[in-house]
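Report on the structure given below.
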Amino acid sequence: MSTTENRAEFGSKIGFILSAAGSAVGLGNIWKFPGKAYACGGGAFLIIYLIIVALVGTTVMMAEFTIGRKTHKNAVGALRELNNKFAWIGGLGVLTGFIILSYYCQVGGWAMYYIVAYITDVATVWADPMAYFLNMLGANGFPLAALAWGLVFLALTAFIITHGTAGIEKMSTILMPVLFVLLIGLMIRSCTLPGADEGLSYMLHVDFSTINGTAILTALGQAFFSLSLGMGVMMTYASYLSSDDNLVSNTAIVCTLDTLVALFAGFMIIPAVFATGIAPGMGGAFGFATLAGVFMAIPGGQFIGMLFYFLLFFAAITSSTSILEGCTAFLVEEKGTERKKTILVLCVVLYIIGVLYTLSQAYMNIKGIWISREGLQFPIFGDFLEYLTDRLLLPLGAFFTTLFVGWIWGPDNSIEEATSYGKYKFTLAPAYKFIVKFIDPIAIGAIIVAGMVFGMSIS
Ligand code: PFF
């Protein structure tokens with residue numbers, strides 16, 4: 001880590017790319033994407049998703065990168081420096097990230113729980129995968145172990161970022177390549193299982209009649225979540241970049257890596273699900289209970305399952321650190337708080353919300369404290385947090401960011417910053433200008449409104 005005016009910087013170009021890709025590649029790619037792709041129609045959903053990433057995802061990411069790098073400040077400070085009436089856009093992002101992190105660390109903890117379960121007690125997991133998953137979450141008593149693993153995961157996240165960008169960079173440089181190798185290995189294994197071709201054709205068959213408003217909203221929310229957009233995290237990371245890094249190519253590389261990982265995860269999970277004839281459940285159970293059925297049915301499943309949860313854990317920790325860094329940078333730089341104390345206080349509050357998230361999955365239901373999933377009148381707390389962030393706050397954050405860059409700061413300033421004042425080529429600059437000014441706000445705005453007017457069924 002080198003320092004300019006007492007502010008950390010990434011030590012190398014590749015360190016930044018792997019850290020930003022580490023933030024983007026996470027539970028969203030491996031835990032959320034395959035289930036959504038399955039539920040929203042396979043091939044047609046993939047196409048919608050790719051179009052959204054190519055048009056909206058890349059341009060919002062470039063907008064965030066340029067705001068961060070221009071100002072070398074956290075999300076709130078950056079917006080304030082460019083136009084002090086709009087610092088609240090950064091604040092909205094930090095708040096969204098904070099809410100996401102509260103449950104993200106819990107799911108990261110579940111992944112660690114499953115690593116241990118696959119090593120020490122796989123027979124019990126496989127005896128009844130859904131019962132095992134629900135027991136972990138408290139269907140038969142207080143879920144102490146799951147909560148403890150959530151705490152371990154949060155503590156690890158905090159520990160890594162006490163070392164600032166140096167910790168993040170070191171971790172990402174080691175874990176991201178390992179993650180890629182593991183993922184490709186698992187995907188090849190899955191696609192070569194007998195019967196996998198049915199799953200492959202489901203993922204490759206395009207039938208647009210499966211696409212409705214919910215599917216498009218799902219794809220948009222998923223794209224923002226997956227690319228870590230709308231939360232000021234990419235602004236914060238880019239603020240640690242030196243002024244002559246090429247933001248055009250960085251945007252392209254990070255978006256491509258993230259999307260490849262989501263696709264690989266889809267092609268790792270869906271063919272295996274078809275090959276083993278397991279009905280793919282949705283939501284949180286997908287990555288845990290459903291996949292247990294898959295691992296159980298394939299040769300070497302215990303080892304492969306363990307590798308999968310390591311993969312999930314690596315993906316999660318390189319993302320959770322980025323969100324905590326975004327929140328910490330805001331408080332330290334804007335409120336003048338001390339870094340370690342800030343991290344500690346943030347973690348205490350995060351953990352309290354996270355405990356409620358895990359308890360709301362099963363324990364509160366059996367205790368009758370919370371409304372149950374059956375006859376869903378009001379979403380349970382966990383679903384509610386995901387609704388709020390994926391369907392509303394993330395798209396809103398991205399919506400205001402593009403309005404800000406398109407109409408207040410100006411796309412020309414953003415393009416100058418992206419190309420380091422003409423040092424790098426940006427052939428698509430006119431397209432970027434047009435999309436960030438018109439397409440992004442209109443498309444994102446329309447989808448947010450449609451989601452609110454026509455209801456938001458979670459998928
Ligand atoms: N992009 C991460 C994922 O796909 O799991 C999640 C995430 C990281 C969301 C960082 C938001 C964020 F700021």
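The values are calculated or read from the model by the stated rules, or taken from the named source; none is laboratory data. All values derive from a computational prediction rather than experimental measurement. Heads up, the Cβs are rebuilt from the backbone with ideal geometry, glycines too, and the neighbour counts pull from every protein chain shown. The accessibility values were calculated without ligands, DNA or RNA, using every heavy atom of the protein model including side chains. Shrake-Rupley method; radii C 1.70, N 1.55, O 1.52, S 1.80 Å.
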Selection from 256, 44, 406, by position along the positive dipole direction of the chain (Cβ): 406
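Let me know the Kirkwood hydrodynamic radius for the range 102-223, please, with Cα pairs as the basis and the value in Å to one decimal. Write down the numbers at each step before the final one.
Working: mean 1/r = 0.0551 Å⁻¹.
The answer is 18.2 Å.
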Expressed in square angstrom to the nearest 10, the accessible area of residue 170 with a 1.4 Å probe stands at 140
Lys, Arg +1 and Asp, Glu -1 on Cβ, resulting dipole of the chain about Cα centre, debye, nearest 20: 480
In whole percent, how big is the carbon plus sulfur part of the accessible area of the chain, probe 1.4 Å, protein atoms only? 69
Between the range 383-459 and the range 248-278, what's the alpha-carbon centroid distance in Å? 23
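Multiply the residue separation of residue 416 and residue 212 by 0.36 nm, subtract the distance between their alpha-carbon atoms, and state the gained length in nm to one decimal. Intermediate values should be presented prior to the final figure.
Numbers: separation 204, 0.36 × 204 = 73.44 nm, distance 3.84 nm.
Contour length minus Cα-Cα distance gives 69.6 nm.
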Using per-residue counts of other Cβ atoms within 10 Å, averaged over each peptide, order 59-66, 197-204 from highest down. 59-66, 197-204
Hits for the chain under the membrane-span-like helix rule (DSSP H, Cα axial span at least 24 Å, Kyte-Doolittle mean at least 1.6) are 144-162, 247-276
With a 1.4 Å probe and every protein chain left in place, work out the accessible area per residue of the chain in Å², rounded to a whole number. 37
Roll a 1.4 Å probe over the protein heavy atoms and report the accessible area of residue 253 in Å², nearest 10. 70
Positive-end residue, the chain charge dipole about Cα centroid, Cβ charges, pick of 310, 397, 114: 397
For the charge dipole of the chain, defined by +1 on Lys and Arg C-beta atoms and -1 on Asp and Glu C-beta atoms about the Cα centroid, which residue among 161, 145, 79 has the Cα displaced farthest towards the positive pole? 79
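Which pairs in the list 85/335; 13/423; 170/341; 70/425; 13/70 are over 20 Å apart, alpha-carbon to alpha-carbon? Mind dumping the intermediate values first?
Working: 85/335 18 Å; 13/423 16 Å; 170/341 23 Å; 70/425 18 Å; 13/70 17 Å.
Over 20 Å Cα-Cα: 170/341.
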For the range 123-159 and the range 41-57, write down the distance between their C-alpha centroids in whole Å. 33
